[in-house]
Amino acid sequence: MRKPERPMEDKIKAIEARIHAFAIQTREHLEEFRLQFISKKGELTSLFDELKVASAEQKKLLGKALNDLKKLSEEKFKTGQDQLESAAVGQSFEGDLTLPPIPNKIGSQHPLSLTRYRIIEIFERLGFNVEDGPEIEDDWHNFTALNFPENHPAREMQDTFFVEKNPDVLLRTHTSNVQIRLMKNRKPPFRAIMPGRVYRNEAISARAHCFFHQVEGLYVDTNVGFADLKQALYHFAKEMFGKETKIRLRPSFFPFTEPSAEIDISCLICHGKGCNVCKYSGWVEIAGSGMVHPNVLRNCGIDPDVYTGFAFGMGIERITMLRYSINDLRLFSENDIRFLKQFKAVM
Ligand code: DAH
């Protein structure tokens with residue numbers, strides 16, 4: 001005699017009980033579990049098929065129960081798999097050589113590294129080299145050579161960590177020190193970008209930290225003009241944030257550039273309409289820039305009547321936050337695996 005058709009609810013309950021009761025102790029059990037409950041030909045798939053032809057009311061009622069069941073089976077499978085793997089780690093090679101190898105857990109690249117690589121990639125195609133400089137710096141390279149006058153309030157624009165025993169030693173407040181090291185030690189022309197970590201004595205919040213990262217850019221040659229600066233940064237903005245991106249230059253002040261400009265990009269979130277990311281202005285600042293001040297060239301032994309150049313500096317955190325819609329700077333340094341694993345795996 002044919003058994004009467006059981007309503008779906010009963011089937012779900014019965015399968016749930018069997019999943020709970022299933023003991024996964026060996027790889028064979030794991031595979032059996034997979035075939036019964038997880039695989040495309042498993043029992044859950046046929047229940048989902050049944051649900052497809054059920055009435056709208058039934059769908060509403062049973063859809064959730066079925067999804068929960070699916071989750072339960074997947075979790076049980078994963079737990080079983082993890083347990084078998086960690087047990088296998090302890091086994092010697094004299095055990096079962098037919099066991100599949102334990103997969104390596106692959107880490108992921110830090111979002112700040114991903115952004116740094118992308119910035120480098122974009123500027124390398126414009127012929128920029130990557131240069132490096134020290135994080136522990138002296139006053140001359142961090143300030144004086146960059147045309148910050150002695151005792152001038154400009155120095156206070158950046159809250160500096162000094163070493164008490166020797167106030168000439170400090171943690172660099174920006175990557176602009178590398179401009180100086182480069183221009184002092186080599187002959188022009190220069191076309192370089194200089195990524196690195198910088199430090200400022202700031203209270204830690206969602207928007208500020210006592211250390212962060214910048215990329216400096218420098219292009220010095222005969223005949224470099226403001227139009228080159230604008231074009232290079234416009235190209236960068238489009239490559240980094242998409243072809244539709246617009247830029248805006250606002251007059252600004254830095255001791256080491258004249259004229260100076262802040263570079264804004266059109267807001268990626270609201271496309272200029274106004275939102276809280278761009279504080280309803282439609283624009284977001286991404287970099288400071290300008291034409292290298294003649295005094296800076298002179299301080300490095302370069303004749304400003306022969307050579308001109310542009311420079312810029314941007315925050316890697318800032319660009320990363322815009323790129324991935326991240327709203328708290330602290331996430332970058334907390335090492336929370338749930339945050340970090342959302343980014344691209346290392347191959
Ligand atoms: N050093 C500046 C800062 O940290 C950023 C900057 C502005 C760098 C203009 C530059 C530049 O090279 O030209 O705030």
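The values are calculated or read from the model by the stated rules, or taken from the named source; none is laboratory data. Keep in mind that this is a model prediction, so the values were computed, not measured. Reconstructed Cβ throughout: ideal geometry from the backbone, glycine too, with neighbour counts over all protein chains shown. Accessible surface is based on the protein model in full, side chains and every heavy atom, while ligands, DNA and RNA are left aside. Shrake-Rupley method; radii C 1.70, N 1.55, O 1.52, S 1.80 Å.
Panel values: the range 84-180, Kirkwood radius from alpha carbon pairs, Stokes-Einstein at 4 °C and 1.567 mPa s, translational diffusion coefficient 71 µm²/s. As a calculated quantity, the FRET efficiency between Lys184 and Leu97 at R0 = 45 Å, using C-beta atoms, amounts to about 0.15.
Could you give the size of the charge dipole of the range 111-340 about its Cα centre, using +1 on the Cβ of each K and R and -1 on the Cβ of each D and E, expressed in debye and rounded to the nearest 20? Don't skip to the end; give the middle numbers.
On the way: 27 positive and 29 negative charges, 162 e Å.
Magnitude of the dipole: close to 780 debye.
Please give the solvent-accessible surface of Cys278 in Å², to the nearest 10, using a probe radius of 1.4 Å with every protein chain present. Accessible area, nearest 10 Å²: 10 Å². Subtracting the Cα-Cα distance of Thr144 and Ala23 from their residue separation scaled by 0.36 nm leaves 36.4 nm. Only protein heavy atoms count here; on that basis, with a 1.4 Å probe, Glu124 has an accessible area of about 100 Å². Derived from the Cα gyration tensor, the three semi-axes of the equivalent ellipsoid of the range 8-92 are 30, 11, 10 Å, largest first.
Compared with the direct C-alpha span, the chain from His152 to Arg118 gains 8.6 nm at full extension, assuming 0.36 nm per residue. Partner aspartates and glutamates whose Cα lies under 13 Å from the Cα of Lys11, excluding those fewer than 8 positions away in the same chain, are identified as Glu43, Glu50.
Could you please put Arg338, Arg197 in sequence from largest to smallest accessible area, using a 1.4 Å probe? Could the numbers behind the result be given before it?
Numbers: Arg338 160, Arg197 95 Å².
From most accessible down to least: Arg338, Arg197.
Given the rule -39500 (n - 2.57) for each run of at least 4 DSSP H residues, summed and divided by the residues of the chain, what is its mean residue ellipticity at 222 nm, to the nearest 500 deg cm²/dmol? Don't skip to the answer; put the middle values down first.
Details: 11 runs with 129 residues, N = 347.
Computed ellipticity for the chain at 222 nm equals -11500 deg cm²/dmol.
Put Tyr280, Tyr219, Tyr117 in order of accessible area, highest first, and with a 1.4 Å probe you get Tyr280, Tyr117, Tyr219.
The modelled label-to-label distance between Glu32 and Cys210, using points 7 Å beyond Cα along the C-beta direction, is 5.9 nm.
With an 8 Å Cα cut-off and a minimum separation of 6 or more residues, compute the relative contact order for the range 8-92 in percent.
On the way: 45 pairs, mean separation 30.1, N = 85.
Taking the mean separation of contacting Cα pairs over the length of the range 8-92, I get 35 percent.
Taking amide hydrogens as modeled 1.01 Å from N in the peptide plane, which residues meet the under 5 Å criterion relative to Gly272, leaving out close sequence neighbours? The list, which skips near neighbours in sequence, is Cys267. By the Cβ-Cβ criterion of under 4.7 Å, the unpaired cysteines of the chain are Cys210, Cys300. Its Cα gyration tensor gives the range 196-321 an equivalent ellipsoid, and the semi-axes of that ellipsoid, as √(5λ) in whole Å with the largest first, are 27, 19, 12.
Backbone phi angles across the range 270-282, fed through the Karplus curve with coefficients 6.51, -1.76 and 1.60 (θ = phi - 60°), yield HN-Hα couplings of 10, 6, x, 6, x, 8, 6, 5, 9, 6, 6, 9, x Hz in residue order; Gly and Pro are listed as x.
Compute the relative contact order of the chain as a whole-number percentage, counting only Cα pairs closer than 8 Å that sit 6 or more residues apart in sequence.
On the way: 510 pairs, mean separation 54.0, N = 347.
Value for the chain: 16 percent.
How do Tyr199, Tyr324 stack up against each other in accessible area, from largest to smallest, with a 1.4 angstrom probe?
Order by accessible area, largest first: Tyr324, Tyr199.
Take Ile316: with every protein chain present and a 1.4 Å probe, its accessible area is about 0 Å².
Modelled spin-label separation between Gln342 and Ala54, with each label point placed 7 Å from Cα along the Cα-to-Cβ direction: 3.3 nm.
Fully extending the segment from Thr79 to Asn201, taken as 0.36 nm per residue of separation minus the present Cα-Cα distance, adds 39.3 nm. Along its three principal directions, the equivalent ellipsoid of the chain from the Cα gyration tensor extends over semi-axes of 59, 25, 18 Å, largest first. Only beta bridges with both residues in the chain are counted; by DSSP, about 95 percent of them are antiparallel.
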